[in-house]
Amino acid sequence: MEKLPKVALPVIIVAIILVVLLAKSAVTIDSGHAGVVHETLGEGVDPNKDALGPGFHIIAPWNRVIDYETRQQEMPEKMSVLSSNGLDIKLDASVLYEPDFKNLGRLHNQKGIEYKSRVLQPAIRSAARSVVGRYTPEQLYSSKRDAIQDEILEETKKIVEPQFIQINDILIRDVTLPATIKDAIERKLKQEQESLEYEFRLVTASKEAEKVIIEAQGKADANKILSASLTDKILQDKGIEATTKLAESPNSKVVIIGSGDSGLPIILGNQ
(Lines give C-alpha, C1' and ligand atoms only; values in the text may rest on other atoms or scores of the structure.)
Protein backbone atom coordinates (compact mmCIF):
# COMPACT_ATOMS: atom_id res chain seq x y z
CA MET A 1 0.00 0.00 0.00
CA GLU A 2 2.90 2.30 0.78
CA LYS A 3 4.37 1.74 -2.75
CA LEU A 4 1.12 2.56 -4.58
CA PRO A 5 1.47 6.32 -4.36
CA LYS A 6 5.07 6.13 -5.59
CA VAL A 7 3.94 4.16 -8.68
CA ALA A 8 0.85 6.24 -9.30
CA LEU A 9 2.61 9.60 -9.05
CA PRO A 10 4.57 9.29 -12.31
CA VAL A 11 1.46 8.02 -14.06
CA ILE A 12 -0.50 10.98 -12.80
CA ILE A 13 2.25 13.35 -13.91
CA VAL A 14 2.40 11.77 -17.36
CA ALA A 15 -1.38 11.93 -17.63
CA ILE A 16 -1.37 15.62 -16.71
CA ILE A 17 1.34 16.31 -19.27
CA LEU A 18 -0.63 14.45 -21.94
CA VAL A 19 -3.78 16.38 -21.10
CA VAL A 20 -1.89 19.68 -21.30
CA LEU A 21 -0.27 18.72 -24.61
CA LEU A 22 -3.61 17.57 -25.98
CA ALA A 23 -5.23 20.80 -24.91
CA LYS A 24 -2.50 22.78 -26.66
CA SER A 25 -2.74 20.56 -29.75
CA ALA A 26 -6.52 20.80 -30.16
CA VAL A 27 -7.66 23.78 -32.20
CA THR A 28 -11.21 24.69 -33.20
CA ILE A 29 -11.74 27.16 -36.05
CA ASP A 30 -15.07 29.01 -36.06
CA SER A 31 -17.33 29.35 -39.09
CA GLY A 32 -16.26 32.15 -41.38
CA HIS A 33 -12.69 31.95 -40.13
CA ALA A 34 -9.45 30.21 -41.10
CA GLY A 35 -6.13 29.69 -39.40
CA VAL A 36 -2.53 29.73 -40.54
CA VAL A 37 -0.14 27.52 -38.58
CA HIS A 38 3.01 29.13 -37.25
CA GLU A 39 5.65 26.40 -36.86
CA THR A 40 7.71 27.44 -33.87
CA LEU A 41 10.49 24.93 -34.56
CA GLY A 42 10.37 25.59 -38.30
CA GLU A 43 10.41 28.76 -40.43
CA GLY A 44 7.15 30.24 -39.25
CA VAL A 45 4.17 30.10 -41.60
CA ASP A 46 4.66 27.96 -44.69
CA PRO A 47 2.96 29.89 -47.55
CA ASN A 48 2.57 26.71 -49.57
CA LYS A 49 0.46 24.97 -46.95
CA ASP A 50 -3.31 25.34 -46.98
CA ALA A 51 -4.92 27.30 -44.18
CA LEU A 52 -7.00 25.44 -41.62
CA GLY A 53 -10.70 25.71 -42.37
CA PRO A 54 -13.59 25.75 -39.88
CA GLY A 55 -13.76 22.76 -37.55
CA PHE A 56 -11.59 20.74 -35.13
CA HIS A 57 -7.86 20.27 -35.82
CA ILE A 58 -4.86 18.70 -34.10
CA ILE A 59 -1.52 20.46 -34.42
CA ALA A 60 1.86 20.03 -32.79
CA PRO A 61 1.66 21.48 -29.27
CA TRP A 62 4.64 23.75 -29.84
CA ASN A 63 3.00 25.39 -32.86
CA ARG A 64 0.32 28.09 -32.76
CA VAL A 65 -2.56 29.10 -35.03
CA ILE A 66 -3.20 32.68 -36.18
CA ASP A 67 -6.90 33.26 -36.79
CA TYR A 68 -8.23 35.22 -39.80
CA GLU A 69 -11.83 36.12 -40.55
CA THR A 70 -12.57 35.01 -44.12
CA ARG A 71 -16.13 36.31 -44.47
CA GLN A 72 -16.90 39.50 -46.34
CA GLN A 73 -16.16 42.44 -44.09
CA GLU A 74 -16.97 46.14 -44.30
CA MET A 75 -14.47 48.91 -43.78
CA PRO A 76 -16.05 52.39 -43.51
CA GLU A 77 -13.79 55.12 -44.79
CA LYS A 78 -14.12 58.92 -44.73
CA MET A 79 -11.79 60.65 -47.16
CA SER A 80 -10.91 64.20 -48.12
CA VAL A 81 -9.87 64.51 -51.77
CA LEU A 82 -9.49 67.26 -54.37
CA SER A 83 -11.61 67.70 -57.49
CA SER A 84 -10.19 68.58 -60.91
CA ASN A 85 -10.39 72.30 -60.09
CA GLY A 86 -8.74 71.92 -56.67
CA LEU A 87 -11.83 72.05 -54.43
CA ASP A 88 -11.93 69.96 -51.27
CA ILE A 89 -14.42 67.08 -51.56
CA LYS A 90 -15.32 64.73 -48.72
CA LEU A 91 -16.33 61.16 -49.51
CA ASP A 92 -18.10 58.80 -47.13
CA ALA A 93 -17.57 55.28 -48.47
CA SER A 94 -17.59 51.62 -47.49
CA VAL A 95 -15.21 48.96 -48.78
CA LEU A 96 -16.47 45.36 -48.89
CA TYR A 97 -13.51 42.99 -48.78
CA GLU A 98 -12.18 39.62 -47.62
CA PRO A 99 -8.74 37.98 -47.52
CA ASP A 100 -7.77 35.59 -50.31
CA PHE A 101 -8.27 32.23 -48.57
CA LYS A 102 -6.03 30.32 -50.98
CA ASN A 103 -3.14 32.68 -50.26
CA LEU A 104 -3.72 33.29 -46.57
CA GLY A 105 -0.20 32.13 -45.66
CA ARG A 106 1.37 34.57 -48.13
CA LEU A 107 -0.86 37.39 -46.88
CA HIS A 108 0.23 36.66 -43.31
CA ASN A 109 3.94 36.52 -44.16
CA GLN A 110 3.93 39.67 -46.29
CA LYS A 111 1.33 41.90 -44.61
CA GLY A 112 0.32 40.26 -41.34
CA ILE A 113 -2.90 40.36 -39.41
CA GLU A 114 -3.03 44.17 -39.77
CA TYR A 115 -3.30 43.98 -43.56
CA LYS A 116 -6.35 46.25 -43.55
CA SER A 117 -4.46 49.28 -42.26
CA ARG A 118 -1.25 48.38 -44.08
CA VAL A 119 -2.72 47.75 -47.53
CA LEU A 120 -6.46 48.34 -47.84
CA GLN A 121 -6.81 51.83 -46.39
CA PRO A 122 -3.86 53.34 -48.28
CA ALA A 123 -5.11 51.70 -51.50
CA ILE A 124 -8.66 53.06 -51.30
CA ARG A 125 -7.40 56.55 -50.46
CA SER A 126 -4.93 56.54 -53.32
CA ALA A 127 -7.55 55.31 -55.80
CA ALA A 128 -10.09 57.89 -54.62
CA ARG A 129 -7.62 60.76 -54.99
CA SER A 130 -6.67 59.58 -58.47
CA VAL A 131 -10.24 59.17 -59.71
CA VAL A 132 -11.90 62.19 -58.09
CA GLY A 133 -9.09 64.41 -59.37
CA ARG A 134 -10.37 63.80 -62.91
CA TYR A 135 -13.87 65.18 -62.27
CA THR A 136 -15.52 68.50 -61.43
CA PRO A 137 -17.65 68.97 -58.29
CA GLU A 138 -20.79 69.10 -60.44
CA GLN A 139 -20.01 65.70 -61.95
CA LEU A 140 -19.32 64.27 -58.50
CA TYR A 141 -22.62 65.64 -57.20
CA SER A 142 -24.84 64.45 -60.00
CA SER A 143 -24.31 62.62 -63.28
CA LYS A 144 -20.97 60.85 -62.82
CA ARG A 145 -21.37 59.50 -59.30
CA ASP A 146 -21.92 55.86 -60.29
CA ALA A 147 -19.11 55.96 -62.84
CA ILE A 148 -16.73 57.41 -60.24
CA GLN A 149 -17.66 54.66 -57.78
CA ASP A 150 -16.91 51.99 -60.41
CA GLU A 151 -13.59 53.60 -61.31
CA ILE A 152 -12.47 53.75 -57.68
CA LEU A 153 -13.36 50.06 -57.34
CA GLU A 154 -11.29 49.07 -60.37
CA GLU A 155 -8.29 51.16 -59.31
CA THR A 156 -8.39 49.71 -55.79
CA LYS A 157 -8.55 46.17 -57.17
CA LYS A 158 -5.40 46.76 -59.21
CA ILE A 159 -3.55 47.71 -56.03
CA VAL A 160 -4.77 45.13 -53.50
CA GLU A 161 -5.51 41.95 -55.46
CA PRO A 162 -1.80 41.25 -56.15
CA GLN A 163 -1.38 41.53 -52.37
CA PHE A 164 -3.88 38.69 -51.65
CA ILE A 165 -6.91 40.82 -50.72
CA GLN A 166 -10.21 40.44 -52.52
CA ILE A 167 -12.32 43.56 -53.07
CA ASN A 168 -16.02 42.81 -53.63
CA ASP A 169 -17.41 46.32 -53.88
CA ILE A 170 -16.97 49.97 -52.95
CA LEU A 171 -20.06 51.96 -52.01
CA ILE A 172 -20.00 55.75 -51.91
CA ARG A 173 -22.69 56.71 -49.42
CA ASP A 174 -22.25 60.47 -49.50
CA VAL A 175 -20.38 63.21 -51.36
CA THR A 176 -19.98 66.45 -49.40
CA LEU A 177 -19.10 69.61 -51.32
CA PRO A 178 -18.29 73.08 -49.96
CA ALA A 179 -21.60 74.77 -49.11
CA THR A 180 -21.20 77.60 -51.63
CA ILE A 181 -20.39 75.16 -54.45
CA LYS A 182 -23.32 72.89 -53.54
CA ASP A 183 -25.75 75.84 -53.52
CA ALA A 184 -24.46 77.04 -56.89
CA ILE A 185 -24.82 73.58 -58.42
CA GLU A 186 -28.35 73.17 -57.06
CA ARG A 187 -29.36 76.59 -58.46
CA LYS A 188 -27.91 75.67 -61.84
CA LEU A 189 -29.68 72.31 -61.87
CA LYS A 190 -32.95 74.01 -60.93
CA GLN A 191 -32.54 76.54 -63.73
CA GLU A 192 -31.77 73.78 -66.21
CA GLN A 193 -34.88 71.90 -65.10
CA GLU A 194 -37.04 75.00 -65.45
CA SER A 195 -35.55 75.65 -68.89
CA LEU A 196 -36.34 72.10 -69.97
CA GLU A 197 -39.92 72.47 -68.71
CA TYR A 198 -40.31 75.79 -70.58
CA GLU A 199 -38.97 74.26 -73.78
CA PHE A 200 -41.39 71.37 -73.35
CA ARG A 201 -44.31 73.78 -72.98
CA LEU A 202 -43.21 75.69 -76.09
CA VAL A 203 -42.97 72.49 -78.12
CA THR A 204 -46.37 71.35 -76.85
CA ALA A 205 -47.99 74.71 -77.67
CA SER A 206 -46.36 74.72 -81.11
CA LYS A 207 -47.70 71.26 -81.84
CA GLU A 208 -51.18 72.25 -80.66
CA ALA A 209 -51.12 75.34 -82.87
CA GLU A 210 -49.92 73.26 -85.81
CA LYS A 211 -52.76 70.80 -85.18
CA VAL A 212 -55.37 73.63 -85.21
CA ILE A 213 -53.93 75.05 -88.44
CA ILE A 214 -53.99 71.65 -90.11
CA GLU A 215 -57.59 71.05 -89.01
CA ALA A 216 -58.67 74.51 -90.21
CA GLN A 217 -56.89 74.04 -93.52
CA GLY A 218 -58.60 70.68 -93.92
CA LYS A 219 -62.03 72.22 -93.33
CA ALA A 220 -61.30 75.07 -95.72
CA ASP A 221 -60.19 72.66 -98.44
CA ALA A 222 -63.28 70.51 -97.86
CA ASN A 223 -65.59 73.53 -98.14
CA LYS A 224 -63.84 74.66 -101.29
CA ILE A 225 -64.27 71.25 -102.89
CA LEU A 226 -67.92 71.08 -101.76
CA SER A 227 -68.69 74.57 -103.10
CA ALA A 228 -67.13 73.76 -106.44
CA SER A 229 -69.24 70.61 -106.76
CA LEU A 230 -72.65 72.16 -105.87
CA THR A 231 -74.22 73.27 -109.19
CA ASP A 232 -77.75 74.72 -109.53
CA LYS A 233 -78.98 71.43 -110.95
CA ILE A 234 -77.67 69.49 -107.92
CA LEU A 235 -79.30 71.96 -105.53
CA GLN A 236 -82.64 71.63 -107.34
CA ASP A 237 -82.46 67.85 -107.17
CA LYS A 238 -81.64 67.95 -103.43
CA GLY A 239 -84.57 70.32 -102.83
CA ILE A 240 -87.00 68.14 -104.70
CA GLU A 241 -85.74 65.09 -102.82
CA ALA A 242 -86.23 66.79 -99.48
CA THR A 243 -89.71 68.00 -100.48
CA THR A 244 -90.75 64.51 -101.51
CA LYS A 245 -89.59 63.00 -98.20
CA LEU A 246 -91.39 65.70 -96.26
CA ALA A 247 -94.62 65.15 -98.25
CA GLU A 248 -94.46 61.41 -97.57
CA SER A 249 -94.13 61.93 -93.84
CA PRO A 250 -97.37 61.16 -91.90
CA ASN A 251 -96.61 63.99 -89.48
CA SER A 252 -96.38 66.66 -92.14
CA LYS A 253 -99.00 68.91 -93.70
CA VAL A 254 -97.58 70.68 -96.72
CA VAL A 255 -98.93 73.66 -98.59
CA ILE A 256 -97.22 74.77 -101.80
CA ILE A 257 -97.64 78.42 -102.55
CA GLY A 258 -96.18 79.51 -105.84
CA SER A 259 -92.51 78.75 -106.20
CA GLY A 260 -89.32 79.96 -104.62
CA ASP A 261 -86.05 81.16 -106.12
CA SER A 262 -84.55 78.93 -108.76
CA GLY A 263 -87.95 77.28 -109.34
CA LEU A 264 -87.96 75.46 -105.98
CA PRO A 265 -91.27 75.27 -104.11
CA ILE A 266 -91.84 77.02 -100.81
CA ILE A 267 -92.77 74.46 -98.16
CA LEU A 268 -94.92 75.44 -95.17
CA GLY A 269 -95.49 72.78 -92.52
CA ASN A 270 -97.90 72.64 -89.60
CA GLN A 271 -94.99 73.36 -87.25
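With respect to being over 19 Å from the mean Cα position of the chain (by Cα) and of a type in the set (Lys, Arg), Arg145 falls outside the description. Of the residues making up region 61-89, those that are closer than 22 Å to Asn109 by Cβ, in contact with a helix residue (DSSP H, G or I) (Cβ under 9 Å, 6 or more places away or on another chain) and among the β-branched types (Val, Ile, Thr) are Ile66, Thr70.
Residues that are out of contact with any helix residue (DSSP H, G or I) (no Cβ under 6 Å at 6 or more places or on another chain) and closer than 30 Å to Pro47 by Cβ within region 122-164 comprise Pro122, Arg125, Ser126, Leu153, Glu154, Lys157, Lys158, Glu161, Pro162, listed in sequence order. Screening Ile152 with (1) of a type in the set (A, V, I, L, M, F, W, C); (2) at pLDDT below 90; (3) under 23 Å from the mean Cα position of the chain (by Cα) gives one miss only, at (2). Among residues of region 90-104 being of a type outside the set (S, T, N, Q) and touching a Phe, Trp or Tyr at 6+ places or on another chain (Cβ under 9 Å), the one that is nearest to Thr176 (Cα to Cα) is Pro99.
Within region 98-139, the residues that satisfy the criterion of being free of Cβ contacts under 8 Å to residues at least 60 places away in the same chain and aliphatic (A, V, I, L, M) are Leu107, Ile113, Val119, Leu120, Ala123, Ile124, Ala127, Ala128, Val131, Val132.
When Arg125 is tested against (1) at pLDDT below 95; (2) in a strand (DSSP E or B), only condition (2) is not met. With respect to the conditions (1) polar (S, T, N, Q); (2) out of contact with any Pro (no Cβ under 9 Å at 6 or more places or on another chain); (3) at pLDDT below 90, Gln72 lacks only one, and its number is (3). Suppose we keep only residues that are crowded, with 17+ Cβ neighbours inside 10 Å and of a type outside the set (Ser, Thr, Tyr) within region 80-102. Which one would you say is nearest to Val36 (Cα to Cα)? My answer is Pro99. Can Pro10 be described as surrounded by fewer than 11 Cβ atoms within 10 Å (Cβ to Cβ), at pLDDT 60 or above and on the phi < 0 side of the Ramachandran plot? So Pro10 passes the test. Within region 146-153, not a single residue is in a helix (DSSP H, G or I), touching a residue at least 60 places away in the same chain (Cβ under 8 Å) and either in contact with an Asp or Glu (Cβ under 7 Å, 6 or more places away or on another chain) or not β-branched (Val, Ile, Thr) (or both).
The values are calculated or read from the model by the stated rules, or taken from the named source; none is laboratory data. As the structure is a prediction and not an experimental result, all values here were calculated from the model. Don't worry about glycine lacking a Cβ; one is built from the backbone with ideal geometry, like all the others, and counts go over all protein chains shown.
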